[in-house]
Number of protein chains: 2
Amino acid sequence: MAKQNRLLDAFKQTKYQVIGHGSRNVQTLIDSLQTVDGQQDSDVYGKGAIIEGFQTKIAQFLGKEDAVFFPSGTMAQQIALRIWCDQKGIGKVAYHPLCHLEIHEEDGLKTLHSIESVLLADRDRLIEFEDVLEMDEDVSCLLLELPQREIGGQLPDYETLESISALCREKGIKLHLDGARLFEILPHYQKTAAEICDLFDSVYVSFYKGLGGIAGAILAGDTAFIQESIVWKRRHGGDLISLYPYILSADYYFHLRINKMEQYYVEAKELAGMFNRCHAVSTKPVIPMSNMFHVHMELPKEKVEALFLELYESTGIGLTSSVREIDDQSCYFEVSIGDQYGSIPKETLDRAFNLLDVRLAAEH
Amino acid sequence: MAKQNRLLDAFKQTKYQVIGHGSRNVQTLIDSLQTVDGQQDSDVYGKGAIIEGFQTKIAQFLGKEDAVFFPSGTMAQQIALRIWCDQKGIGKVAYHPLCHLEIHEEDGLKTLHSIESVLLADRDRLIEFEDVLEMDEDVSCLLLELPQREIGGQLPDYETLESISALCREKGIKLHLDGARLFEILPHYQKTAAEICDLFDSVYVSFYKGLGGIAGAILAGDTAFIQESIVWKRRHGGDLISLYPYILSADYYFHLRINKMEQYYVEAKELAGMFNRCHAVSTKPVIPMSNMFHVHMELPKEKVEALFLELYESTGIGLTSSVREIDDQSCYFEVSIGDQYGSIPKETLDRAFNLLDVRLAAEH
């Protein structure tokens, strides 16, 4: 724990960081309010120009009939699945074993909604068409997360998505998109958000991943679905009297960064290449499919941390603020490209990676 | 509906308003950030100085061991009741028929937590000691709302509170305080928040009623209870990556207004007196017990709206933005005193009430 905090502290003190948009400090909110008219009325329990205007804008961007702003994706997705389960009368949904609902939500779906999960595919690979075809359980909904964050942000072929979507429609299974990082995958697929969302019955997107907002989510779908989700939003305690601090900042960062996703994607591929040229390092996926990937290292976590501490200090380049153990001999960390990568001088970065490789070769 | 909106519009255009702190516009947030250091780290999933510091401060103010910040009271209270029900193994709680959980939350408590409610007392009066004594159902928790908002903010005697608290402890029933307006009742009881909270096992307070913040709530209790509530907060989708926009503003308005509650209370009693001296008008309670009361009028809603429209225009004084029908012959509205009342010139206010009384006498 002490070493983990030392790495975080050292990372914060580096001059250049390969990941993210910079510190998530209060300035993030202040910046987003600089050009905002203070005389605008607050939203009030889901009504008002600020929330309705933003919902309409994102619904259009996603090509969906309607949309509603939620304080969190956790809330939005549980509610989406609950609505589909209630509609079909079967309290069962299918998703990946490393789905956010399965591993990060303290079993909210099960304890609040009594919905069972059917885990498709192995932990370390994507859900494929065959997994859905061969699923023998009757479920109300299949959730796909694009990209699959916990395995480095992998994506299926677009044709696989299309065939899974067609199969679900045929089988009477609703298809829900966990699009926490949907904006980030558009360059890889070379599709619009609306084209991808058209394959799904309901979609959740987040405003604080690649966009770098403060918090908040949109759930989109047809009008009947969205109207029902608003009732559940109140039940969950998500229908706050005012959500505008999140909405105004989401709107600001949406416009600031929505057209930078191609740049982040190109940079992620470049950076992954630099990692892959080092001894004992491989990225997952080898070629990133969005702005993110995982870096796997064939060295004990403690050795990597010690090595990074030295690297950060001697080069001023920060690679990650935390490393996670896989086993005694290996560890990994997540990389998400944001605004910071582009401002690092190429020679400084090259020097850091050369040094990293020399050190890794000596250790390995 | 059109007339309702006309009243709201006319109210907004009045020079002086007897209720509230002023427009709930975006400036409310901007003002609260004026002196904030933008370089402070964001809270991250419930951790960090901003959230932990505020929780500690409010826990101390309430005299409780621990506290946690929630995006909404709806979420905080359902969770409090769920924990007490799970602990006792009985999914049943008792509260007033006009409890927020019963009438404003789309049955979240029932649909998400499978908790049944036992309604104590009649709709138009407070829960008394005898109601609890004679309750034959076995419940895990009794919720008391102080003041009882939907009946004009009435309060039981302090001795009644003490005896209900003692009885609940004797009967093994947890006592939860819906303290959405707890700060507002301290002048009436002449007690500290900690003295009142000491009678309860768990307490919820709100930051956007009398304090005039943007949104958000605190749930307080002993450490084991609070730790459990944090798990449920995540399940509900309330453990946002960052809650600081609400926390910073809650903190700002807490300090700005916590010592104004006595003033609001005195002013509420003065204003209620002015209403009660008019024909066909009575306040509930006759003498307010906090900064709020209800104004009942023995006239059809439409007549009152027409009369108010004229009054607002000719005097520049706004009394309410909406009137609610009781039956064909009567209606009511809610009054909550905030910063605005104190800045109205006495003679302007007197003139408006004189005119109101003349008009009411003519109508009645």
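The values are calculated or read from the model by the stated rules, or taken from the named source; none is laboratory data. Note that the coordinates shown come from a computational prediction; the quantities given were computed from them, not determined experimentally. Cβ atoms come from the backbone with ideal geometry, glycine included; neighbour counts cover every protein chain shown. Side chains included, ligands, DNA and RNA excluded: accessible areas come from the protein's heavy atoms. Shrake-Rupley method; radii C 1.70, N 1.55, O 1.52, S 1.80 Å.
Check whether at least one residue in segment A:88-105 is within 19 Å of the chain's Cα centre (by Cα) and facing another protein chain (nearest Cβ under 9 Å), and report yes or no. Checked against the condition, which is being within 19 Å of the chain's Cα centre (by Cα) and facing another protein chain (nearest Cβ under 9 Å), segment A:88-105 yields at least one hit.
The set of residues in segment B:211-224 being in contact with a strand residue (DSSP E or B) (Cβ under 6 Å, 6 or more places away or on another chain), over 16 Å from B:HIS100 (Cβ atoms) and within 11 Å of chain A (Cβ to nearest Cβ) is empty. When the residues of segment B:9-19 are narrowed to those that are buried (at least 16 other Cβ atoms within 10 Å of the Cβ) and away from chain A (no Cβ under 14 Å), which ends up farthest from B:VAL266 (Cα to Cα)? In this case the residue turns out to be B:ALA10. If the condition is being among the small types (Gly, Ala, Ser) and in contact with a Gly (Cβ under 8 Å, 6 or more places away or on another chain), then segment B:37-66 contributes only B:SER42.
Against the test of being more than 7 Å from every other protein chain (Cβ to nearest Cβ), within 30 Å of B:LYS269 (Cβ to Cβ), touching a strand residue (DSSP E or B) at 6+ places or on another chain (Cβ under 7 Å) and touching a residue at least 24 places away in the same chain (Cβ under 8 Å), the options B:GLY73, B:GLY63, B:GLY22 yield a single qualifying residue, B:GLY73. Scanning segment B:225-244 for residues that are touching a helix residue (DSSP H, G or I) at 6+ places or on another chain (Cβ under 8 Å), open to solvent by less than 20 Å² (accessible area, probe 1.4 Å) and assigned to a helix (DSSP H, G or I) yields B:PHE225, B:SER229, B:TRP232, B:LYS233, B:TYR244.
Pairs are defined by a Cβ separation below 6 Å, a sequence spacing of at least 6 or placement on different chains, a first member in segment A:246-262 that is surrounded by fewer than 19 Cβ atoms within 10 Å (Cβ to Cβ), and a second member that is not hydrophobic (A, V, I, L, M, F, W, C); the pairs so defined are A:GLU262/A:PRO187. Counting only strands (runs of 3 or more DSSP E) that sit completely within segment A:115-200, those holding 1 or more residues that are in contact (Cβ under 8 Å) with a residue 12 or more places away in the chain and open to solvent by 30 Å² or more (accessible area, probe 1.4 Å) correspond to A:116-119, A:174-179. Take the conditions (1) in contact with a helix residue (DSSP H, G or I) (Cβ under 6 Å, 6 or more places away or on another chain); (2) of a type outside the set (Asp, Glu); (3) free of Cβ contacts under 8 Å to residues at least 40 places away in the same chain; (4) under 30 Å from A:GLY216 (Cβ atoms); A:TYR341 misses just one of them, which is (3). Across segment B:74-109, the qualifying residues are those that are open to solvent by 10 Å² or more (accessible area, probe 1.4 Å) and among the acidic types (Asp, Glu), and the one among them that is nearest to A:LEU240 (Cα to Cα) is B:GLU106. Limited to segment B:50-82, what total is found for residues that are within 23 Å of A:TYR45 (Cα to Cα) and aromatic (Phe, Trp, Tyr)? Within segment B:50-82, residues that are within 23 Å of A:TYR45 (Cα to Cα) and aromatic (Phe, Trp, Tyr) number 2.
Figure legend. Inter-residue proximity from segment A:90-107: first residues modelled with pLDDT under 95, second residues open to solvent by less than 20 Å² (accessible area, probe 1.4 Å), beta-carbon distance below 9 Å, spacing 6+ or different chains. No pairs are indicated. Is it the case, given these coordinates, that A:GLU325 is in contact with a Cys (Cβ under 8 Å, 6 or more places away or on another chain), free of Cβ contacts under 8 Å to residues at least 60 places away in the same chain and open to solvent by 80 Å² or more (accessible area, probe 1.4 Å)? So A:GLU325 fits the description; yes.
Look at (1) surrounded by fewer than 21 Cβ atoms within 10 Å (Cβ to Cβ); (2) over 25 Å from the mean Cα position of the chain (by Cα) and you find that A:SER42 fails only one, number (1).
Annotation: of all residues in segment B:50-95 being assigned to a helix (DSSP H, G or I) and among the small types (Gly, Ala, Ser), the one that is nearest to B:ASP201 (Cα to Cα) is B:ALA80. Kindly indicate whether A:ASP31 is at pLDDT 95 or above, of a type in the set (D, E, K, R) and open to solvent by less than 20 Å² (accessible area, probe 1.4 Å). Considered against the rule, which asks whether it is at pLDDT 95 or above, of a type in the set (D, E, K, R) and open to solvent by less than 20 Å² (accessible area, probe 1.4 Å), A:ASP31 comes out as no. Of everything listed in (1) at pLDDT 95 or above; (2) within 16 Å of B:ALA94 (Cβ to Cβ), the single unmet condition for B:ASP136 is (1). Of the helices (runs of 4 or more DSSP H) that lie entirely inside segment A:245-364, those containing 2 or more residues that are over 30 Å from A:SER42 (Cα atoms) and basic (Lys, Arg) span A:301-315, A:346-363.
So, of the residues in segment B:106-137 that are within 16 Å of B:CYS85 (Cβ to Cβ) and of a type in the set (D, E, K, R), which turns out to be nearest to the other protein chains (Cβ to nearest Cβ)? Looking at the filtered set, the residue picked out is B:ASP107.
Quick one: is A:LYS57 more than 8 Å from chain B (Cβ to nearest Cβ) and farther than 25 Å from A:TYR264 by Cα? Here the answer is no, as A:LYS57 does not meet what is asked. In the condition set (1) more than 28 Å from A:ILE317 (Cβ to Cβ); (2) within 14 Å of chain B (Cβ to nearest Cβ); (3) in a loop (DSSP other than H, G, I, E, B); (4) of a type in the set (Phe, Trp, Tyr), A:TYR208 is compliant with all but (1).
If you filter segment B:25-49 down to residues that are within 22 Å of B:GLY338 (Cα to Cα) and assigned to a loop (DSSP other than H, G, I, E, B), you find that the one that is nearest to the other protein chains (Cβ to nearest Cβ) is B:VAL26.
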